[in-house]
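What follows is a single structure, written as structure tokens, with notes after it.
The values are calculated or read from the model by the stated rules, or taken from the named source; none is laboratory data. The structure presented is a predicted model; accordingly, all values stated were derived computationally and were not measured. A quick note on method: Cβ atoms are made from the backbone with ideal geometry, for glycine too, and the neighbour counts reach across all protein chains shown. Just so you know, the surface numbers come from the protein's heavy atoms only, side chains and all, with ligands and any DNA or RNA stripped out. Shrake-Rupley method; radii C 1.70, N 1.55, O 1.52, S 1.80 Å.
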Amino acid sequence: MADDKDVLRDVWFGRIPTCFALYQDEVTEKEAEPFYLLLPRVSYLTLVTDKVKKHFLKAVKPEDVEEMWFEYEGTPLKWHYPIGVLFDLHALNTALPWSITVHFKNFPERDLLHCLSNSVIEAHFMSCIKEADALKHKSQVINDMQKKDHKQLWMGLQNDKFDQFWAMNRKLMEYPTEEGGFRYIPFRIYQTMSDRPFIQKLFRPTSPEGHTHTLGDLLKEMYPAAIAHDGDAKKYQVLIQGIEPLLETPLQWLSEHLSHPDNFLHVCILPVPTD
């Protein structure tokens, strides 16, 4: 892959200042002070909130403690989406810190997956990486790795170790020069205005004629309304890792540099704020 290490570092070390507060109906033993944390955009909520849990357990009766879960302005937050995706989808145009409400009761079974241990997060993360590599390399790279290599990817994410993670992830980002890119680009397009979780289809980084596909080409095919036509006011923001890349940006470059650790390019499409 093109060695744009500064971009990879900026993506990895992106943080969201966050204020966690206990749901008011669950405060019992004593008043719980809010808890502040810088959340890594590329990680998962349930992976980085042990300190949040310890902090609030002091204020809750032990018999009231069920599985911890989070919500923002009434929306339960899906822990299996990367933190940056949750923020971009639900809270992008609000003032920081991001205010998240913590619950220990009334787990919303219809909205969230259970996550009772880090092994659940690891299984989800590795399953995404395997799916991405099936799209990119017909699974050849991930299958050639040993179990300890898979573990290195997971431990790099879990322990926030950029070099440890990328020493192995680099292999998942390589491709034969003559092919000009991956077989297909692993991407997911999210919208707040839809009940559908996300759009995910097969899309190649180059056209049959050998032209480089761009972010604009992907949107034309998957979500044409996101592209403003000449003279029209822009209706949607298209975000990857919290920024709006130019529509002319090659998809292959985006996939190599702005994918999350799960190897997917997560694209959020939001209506432009009217106020």
Bins of 5 Å, starting at 0 and running to the largest distance - Cα pair percent for the chain
1, 5, 12, 16, 17, 16, 13, 9, 6, 3, 2, 1, 0, 0
Report ³J(HN,Hα) in whole Hz for each residue of the range 86-102, in order, from the Karplus equation J = 6.51 cos²θ - 1.76 cosθ + 1.60 where θ = phi - 60°; Gly and Pro get x.
4, 5, 4, 6, 10, 9, 4, 9, 9, 6, 8, x, 5, 9, 10, 9, 9
Using the Kirkwood radius built from alpha carbon pairs, what does the Stokes-Einstein equation give as D for the range 184-263 at 10 °C and 1.306 mPa s, in µm² per second?
118
Taking a threshold of 30 Å on the Cα-Cα distance, which of the pairs Lys78/Lys130; Lys5/Lys147; Lys51/Lys138; Lys138/Lys234 fall above it?
Lys51/Lys138; Lys138/Lys234
At a 10 angstrom cut-off on C-beta neighbours, averaged per residue, how do the peptides 237-244, 136-143 rank from highest to lowest?
237-244, 136-143
Evaluate 2.2 N^0.38 Å with N set to the residue count of the range 122-181, then give the Cα radius of gyration divided by it.
1.11
Would you tell me the accessible area of Asp163, worked out with a 1.4 angstrom probe on the heavy atoms of the protein chains, in Å² to the nearest 10?
90
Over the range 122-258 - Rg/Rh using Cα atoms and the Kirkwood inverse-distance radius:
1.00
Say each of Phe198 and Val65 gets a label point 7 Å from the Cα, pointing the same way as Cα to Cβ; how far apart are those two points in nm?
3.2
Take the alpha-carbon positions of the range 231-275, form their convex hull, and give its projected area averaged over all directions (one quarter of the hull surface) in nm².
3.9
Taking Cα pairs under 8 Å and at least six residues apart, what relative contact order does the chain come out at, in percent?
19
As a percent rounded to 5, the proportion of antiparallel DSSP bridges among beta bridges in the chain is 65
Which value in deg cm²/dmol, rounded to the nearest 500, describes the helix-derived mean residue ellipticity at 222 nm for the chain, given -39,500 (n - 2.57) per DSSP H run of n ≥ 4 and division by the residue count?
-9000 deg cm²/dmol
